[in-house]
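Remarks on the structure that follows.
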Amino acid sequence: MPGFLLAYQSLLAFIGLNGLLALSVYCTLCCGQLSLANAGFMAIGAYTGALLTQNAHAPFPLALLAGALLPALVAVPLGLPVLRLRGVFLAIATIGFGEVVRLSFVNWSYTNGALGLVAIPRKTDLWMIWVALAAVMFGLARLRGSRAGYALEAIREDEAAARTMGIPSTQYKVAMFVLGAAIAGLAGVLEAHLTYMVSPGGYGFSRAVDMLVYAVVGGDTIFYGPVAGAAFLTVLPEALRGAGRALGLAPGPLRLFLNGAILLAVILFLPNGIVSLPRTLRALRLRRASRAALG
Amino acid sequence: MLLSVEDLERSFGGVRALDGAALQVKPGEVHGLIGPNGAGKTTLLNVVSGLFRPTRGRIVMGGERIDGMPPYRIAALGITRTYQNIRLFPGLSALENVMVGAHLVRRGDTFRRLFFLPSARADEARAREAAMRLLARVGLADRAHHLVSALSYGDQRRVEIARALASAPRLVLLDEPTAGMNAAEVQAVAAVIRQVASEGQSVVLVEHNVQLVMSVSDRITVLNFGKVIAHGEPRHVASHPEVIAAYLGSEA
Amino acid sequence: MWQQAINGVFLGAIYALFAVGYALVFGVLDILNLAHQAVFAVSAFIALAFVAEGHVPLAVALPVVLVAAGLVGIGLERVAFRPLRGRSDSNISGLISSLAAATILEAVALQIWGPDVQRFPIGTFPDKPLRMLGATVSALQLTIIGISVVLMAGLTTLLRATRLGRQIRAVAESPRAARILGIDVDRVIAWSFFLSSALGGAAGVLFGVAFNSVSPDMGRSVELKGLAVIILGGMGSIAGAVIAGFALGLVEVFTVVQLGSSWRDAVSFGVLFFVLLVRPSGLLGRAAIREA
């Protein structure tokens, strides 16, 4: 029994963490920007928090605060020039940034380079992750319907038109970019103090893609979409692990394949994510019913 | 003079879209802007609203020079617009589109909403009511909650007009607002334009419906090949030989 | 010094060959195909399988893999890009779609071949050192440079002198105008993907042989270099990709010599950010807006 509960706890922890990471990507997606920088911000937060607790014996709340703040500070000088670029250039710049961060840590002897930091004290409890997730979801929910929320939606749909209505689009995009960086950093600190270690390999391009996949698969037009996507894509590979093994599929490739295949299916057939599924099914049923009534 | 456009030049590739264009708009005036296809009317609006920079010339709005300013600052000075090919926000309803247009006259309320402060709720209610009133003004109150992508062409244009009025602008640039509308809808739009002007706001009206422009404008400017070929009162412009030649020429 | 120059040209040739694939697809579809690096990696594995298990000589395997990679490219276009063509946000959704395809390809490669680095069997390529201009060059390096140059020259000739090439250039300029002129835009796009992926696949095989290292994540390291190259050269420009590719290879090699190998990747990033901030259209790229 205790073993089962322990595994259950771990799954819930990772659902929560992945939910936070997905929401960090949502921050930029909701105003139409595709950013792959958040794994880099997560790394900065994770290392900052770990160094503070390990070397300075700082209290955990301080490590959490610093882990959220430092990536946010970095996001400002990065975001200001880069968010003015057209979509695909922004994506490339953020991919570049992520690699710069990863390679910087690989080449930094103070943080043990490619090996990273180990034996980080376990300070994260499940409730902390879920309180953080709830707080972020609350904030984003309240954002919707505010003046800023309307502005962000407008920017997402047609940035140039939004600007002619007095909306300073670059400022809003930078603000969301910074917010996303802070959330990713916070998640980084929480994860580091849950898994005892940080290493550059864990914050590379694949991590950034994972976060994006959670957000897009779940649904990037509403604040609970990314969390649903994170939950679905965290649980699914675990649930299918037994079946996968029976078919001779290794867990790593299986998870990757599921992510890719589901993302492709979503982007092609259900672009507003799985949370839009009830709405889409209803529309399909209505269309079929009206066609039957006419025919 | 509310808006003064002088000697404007703008090229795209090798094409000179604007070649010394000029425009003078008084407060509370309906100013028509006509000319054959490709005369540079939409380009003029694009430059005035800040989407493009002119390569030469001056634009002065209420005493301030605005050529080269980013669009959101020009909007803050009181210039809004509609678009020839309709640029509504497709995922939003008619009401929500108009509420976006009210951005400049709403207060930032994110923090107040985090604490559920009643003033935030009051602000939003006020904004909604104002948006509903604008939609009623253009005759769309009953379709306020429809997604704009589900509305007819004519209805979409009317939502765009309401959205452009939402920030109480000093000057509204309308780019072919009645294209695709039937006679009754055109008259309704004409009434709104006249009403807007009577309240002290100015309108620049780009239109192919020459009858509409003649009946509703206080003054008209005629463009051809990016230059002004005539300007003044409607009667004067209508009988101007160059204007007649330009339109007949373009029909032939 | 010549030694480094040869090494730089050698590295640059592969970068250029890889980046040209990006440039071609971007030029035609205005979409960044992030699955390109996955085709790069998978092609290297297929070549390895031909050589190591099929005992097919590399000279035979290479053209076969090229065609296979091209076919994968066509499949990619059909499945991941064509359905998105009408959409308003097609460049962003295209990017995401290509990421999805890349992830699927990587997962497949990982499952079939495992995560470890694999090597070509000894004797796959005779490695005779030659002396030229006071530097030691291996026959392998020369051959790879040669093949890359031939492939890139072939593409350029195709684009300039053949009917297909003219059609590709027309679609790149304006798909709508091309359609009005009677060009089968779908077929042209499919051909563009075939060519792009074939070259990407060739780059993958050559890279794998050059460094005798094939692994599912080999595309990652080159991907960013490739992006830096097309940003520097100008996003839709093939000539730009070629010039920038060689330039990056040379600069990278000389940087390693002067500053040490940990600075090798810093070069591409430096170039990338510098160009993006100062002149995003790159050396030979067109301005941001393209006619629909």
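The values are calculated or read from the model by the stated rules, or taken from the named source; none is laboratory data. On a predicted model such as this, the values are computed, not experimentally measured, just so you know. We place every Cβ from the backbone using ideal geometry, glycine too, and count neighbours over all the protein chains shown.
How many residues does region C:244-285 hold that are under 23 Å from the mean Cα position of the chain (by Cα), part of a helix (DSSP H, G or I) and in contact (Cβ under 8 Å) with a residue 40 or more places away in the chain?
Number of matching residues: 18.
Mind listing whichever residues of region A:126-140 are surrounded by 15 or more Cβ atoms within 10 Å (Cβ to Cβ) and either at positive phi or not aromatic (F, W, Y) (or both)?
If the condition is that a residue be surrounded by 15 or more Cβ atoms within 10 Å (Cβ to Cβ) and either at positive phi or not aromatic (F, W, Y) (or both), then A:M128, A:I129, A:A132, A:L133, A:V136, A:M137, A:G139, A:L140 are the ones that fit.
Condition check ((1) over 30 Å from B:G13 (Cα atoms); (2) in contact with a helix residue (DSSP H, G or I) (Cβ under 7 Å, 6 or more places away or on another chain); (3) within 14 Å of another protein chain (Cβ to nearest Cβ); (4) part of a loop (DSSP other than H, G, I, E, B)) across all residues:
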{"residue": "C:S148", "(1), (2), (3), (4)": "yes, yes, no, no"}
{"residue": "C:G154", "(1), (2), (3), (4)": "yes, no, no, no"}
{"residue": "C:R187", "(1), (2), (3), (4)": "no, no, no, no"}
{"residue": "C:F194", "(1), (2), (3), (4)": "yes, yes, no, no"}
{"residue": "C:V222", "(1), (2), (3), (4)": "yes, yes, yes, no"}
{"residue": "C:L227", "(1), (2), (3), (4)": "no, yes, yes, no"}
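Within region C:146-170, which residues are of a type in the set (G, A, S) and either touching a Gly at 6+ places or on another chain (Cβ under 8 Å) or loosely packed, with under 15 Cβ neighbours inside 10 Å (or both)?
C:G146, C:A153, C:G154, C:A161
Given (1) over 21 Å from the mean Cα position of the chain (by Cα); (2) under 30 Å from B:K41 (Cβ atoms); (3) not hydrophobic (A, V, I, L, M, F, W, C), where does B:R121 come up short, assuming only one miss?
All conditions are met except number (2).
Kindly indicate which of A:L270, A:L256, A:L263 is under 21 Å from the mean Cα position of the chain (by Cα), within 13 Å of chain C (Cβ to nearest Cβ) and over 25 Å from C:P216 (Cβ atoms).
A:L270
Matching residues to (1) touching a residue at least 12 places away in the same chain (Cβ under 8 Å); (2) within 14 Å of another protein chain (Cβ to nearest Cβ); (3) surrounded by fewer than 16 Cβ atoms within 10 Å (Cβ to Cβ); (4) closer than 27 Å to B:R10 by Cα:
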residue: B:Q156; (1), (2), (3), (4): yes, yes, no, no
residue: B:D175; (1), (2), (3), (4): yes, yes, no, yes
residue: B:V196; (1), (2), (3), (4): yes, no, no, no
residue: B:L212; (1), (2), (3), (4): yes, no, no, no
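Suppose the filter is buried (at least 24 other Cβ atoms within 10 Å of the Cβ), in a helix (DSSP H, G or I), touching a residue at least 60 places away in the same chain (Cβ under 8 Å) and facing chain B (nearest Cβ under 10 Å); does A:I155 pass it?
Taking the combined requirement at face value, the residue satisfies it.
If you go through region A:185-217 one residue at a time, how many are farther than 14 Å from C:A100 by Cα, in a helix (DSSP H, G or I) and either within 9 Å of the chain's Cα centre (by Cα) or more than 12 Å from chain C (Cβ to nearest Cβ) (or both)?
Counting residues in region A:185-217 that are farther than 14 Å from C:A100 by Cα, in a helix (DSSP H, G or I) and either within 9 Å of the chain's Cα centre (by Cα) or more than 12 Å from chain C (Cβ to nearest Cβ) (or both) gives 14.
Pick out the one residue from B:L134, B:L51 that is buried (at least 16 other Cβ atoms within 10 Å of the Cβ), under 18 Å from the mean Cα position of the chain (by Cα) and free of Cβ contacts under 8 Å to residues at least 24 places away in the same chain.
Criteria check complete, one pass: B:L51.
For region B:78-101, what are the residues that are part of a helix (DSSP H, G or I) and more than 21 Å from A:G32 (Cα to Cα)?
B:L95
Listed here are the residues, each with its yes/no results for (1) within 30 Å of A:R156 (Cβ to Cβ); (2) at pLDDT 90 or above.
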| residue | (1), (2) |
| --- | --- |
| C:P83 | yes, yes |
| C:S98 | yes, yes |
| C:A109 | no, yes |
| C:W113 | no, yes |
| C:I122 | no, no |
| C:P126 | no, no |
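Counting only residues that are more than 7 Å from chain A (Cβ to nearest Cβ) and surrounded by 24 or more Cβ atoms within 10 Å (Cβ to Cβ), how many does region B:67-81 have?
Qualifying residue count, region B:67-81: 2.
Among residues belonging to region A:232-253 that are within 11 Å of chain C (Cβ to nearest Cβ) and assigned to a loop (DSSP other than H, G, I, E, B), point out the one that is nearest to A:G16 (Cα to Cα).
In this case the residue turns out to be A:A250.
State whether one or more residues within region C:133-145 are over 30 Å from C:F120 (Cβ atoms) and surrounded by fewer than 16 Cβ atoms within 10 Å (Cβ to Cβ).
no
Any idea which residue in region B:82-125 is nearest to B:L51 (Cα to Cα), counting only those that are basic (K, R) and either more than 9 Å from chain A (Cβ to nearest Cβ) or surrounded by fewer than 16 Cβ atoms within 10 Å (Cβ to Cβ) (or both)?
From region B:82-125, those basic (K, R) are B:87, B:106-107, B:112-113, B:121; that's our starting set.
Then drop every residue that is not either more than 9 Å from chain A (Cβ to nearest Cβ) or surrounded by fewer than 16 Cβ atoms within 10 Å (Cβ to Cβ) (or both), which leaves B:107, B:121.
Values: B:R107: 25, B:R121: 34 Å.
Looking at residues that are basic (K, R) and either more than 9 Å from chain A (Cβ to nearest Cβ) or surrounded by fewer than 16 Cβ atoms within 10 Å (Cβ to Cβ) (or both), I get B:R107.
Here are some residues: A:F41, A:F60. Which one is in contact with a Pro (Cβ under 9 Å, 6 or more places away or on another chain), surrounded by 24 or more Cβ atoms within 10 Å (Cβ to Cβ) and either within 20 Å of A:M197 (Cα to Cα) or acidic (D, E) (or both)?
Of the residues listed, the single one that is in contact with a Pro (Cβ under 9 Å, 6 or more places away or on another chain), surrounded by 24 or more Cβ atoms within 10 Å (Cβ to Cβ) and either within 20 Å of A:M197 (Cα to Cα) or acidic (D, E) (or both) is A:F41.
Just one of A:A135, A:A75, A:A63 is within 14 Å of chain B (Cβ to nearest Cβ) and assigned to a helix (DSSP H, G or I); which is it? Show your work before the answer.
On the way: A:A75 fails: within 14 Å of chain B (Cβ to nearest Cβ); A:A63 fails: within 14 Å of chain B (Cβ to nearest Cβ).
Testing whether each residue is within 14 Å of chain B (Cβ to nearest Cβ) and assigned to a helix (DSSP H, G or I) leaves just A:A135.
For residues that are within 11 Å of another protein chain (Cβ to nearest Cβ) and surrounded by 21 or more Cβ atoms within 10 Å (Cβ to Cβ), scanning just region A:159-178, find the one that is nearest to A:Y47 (Cα to Cα).
Result: A:S169.
Out of curiosity, is A:G229 within 14 Å of another protein chain (Cβ to nearest Cβ) and on the phi > 0 side of the Ramachandran plot?
Against the criterion (within 14 Å of another protein chain (Cβ to nearest Cβ) and on the phi > 0 side of the Ramachandran plot), A:G229 does not qualify.
Restricting to region B:20-75, count the residues that are on the phi > 0 side of the Ramachandran plot and either outside the structural domain of B:A230 (by TED's automatic domain parsing) or part of a strand (DSSP E or B) (or both). I'd like the intermediate steps shown before the answer.
First pass over region B:20-75, keeping only residues on the phi > 0 side of the Ramachandran plot: B:20, B:28, B:35, B:38, B:40, B:50, B:57, B:62-63, B:68.
With either outside the structural domain of B:A230 (by TED's automatic domain parsing) or part of a strand (DSSP E or B) (or both) added as a condition, the list becomes B:20, B:57.
So the count comes out to 2.
Kindly indicate which of A:L233, A:L264, A:L268, A:L258 is in contact with a Pro (Cβ under 9 Å, 6 or more places away or on another chain), among the aliphatic types (A, V, I, L, M) and within 28 Å of C:S221 (Cα to Cα).
Working: A:L233 fails: in contact with a Pro (Cβ under 9 Å, 6 or more places away or on another chain); A:L264 fails: in contact with a Pro (Cβ under 9 Å, 6 or more places away or on another chain); A:L268 fails: within 28 Å of C:S221 (Cα to Cα).
The match here is A:L258.
Of all helices (runs of 4 or more DSSP H) completely enclosed by region B:144-252, which ones contain at least 2 residues that are touching a Phe, Trp or Tyr at 6+ places or on another chain (Cβ under 7 Å)? Can you show your working first?
On the way: elements: B:153-165, B:183-198, B:210-216, B:234-238, B:241-251.
Here the list is empty.
Looking for whichever is at positive phi and either at pLDDT 95 or above or touching a Phe, Trp or Tyr at 6+ places or on another chain (Cβ under 8 Å) (or both) here; the options are A:G166, A:G180, A:G145. Which one fits?
Result of the check over A:G166, A:G180, A:G145: A:G166.
Could you list all residues from region A:84-100 that are more than 7 Å from every other protein chain (Cβ to nearest Cβ) and either crowded, with 23+ Cβ neighbours inside 10 Å or without any contact (Cβ under 8 Å) to a residue 12 or more places away in the chain (or both)?
Passing the criteria: A:L90, A:T94, A:F97, A:G98.
Scanning for something free of Cβ contacts under 8 Å to residues at least 12 places away in the same chain, surrounded by fewer than 18 Cβ atoms within 10 Å (Cβ to Cβ) and within 18 Å of C:G73 (Cα to Cα), does region C:117-128 turn up at least one residue? Step through it out loud before you land on a result.
Filtering region C:117-128 down to residues free of Cβ contacts under 8 Å to residues at least 12 places away in the same chain leaves C:122-123, C:128.
Narrowing the set further to residues that are surrounded by fewer than 18 Cβ atoms within 10 Å (Cβ to Cβ) leaves C:122-123, C:128.
Subset that is within 18 Å of C:G73 (Cα to Cα): none.
No, region C:117-128 contains no residue that is free of Cβ contacts under 8 Å to residues at least 12 places away in the same chain, surrounded by fewer than 18 Cβ atoms within 10 Å (Cβ to Cβ) and within 18 Å of C:G73 (Cα to Cα).
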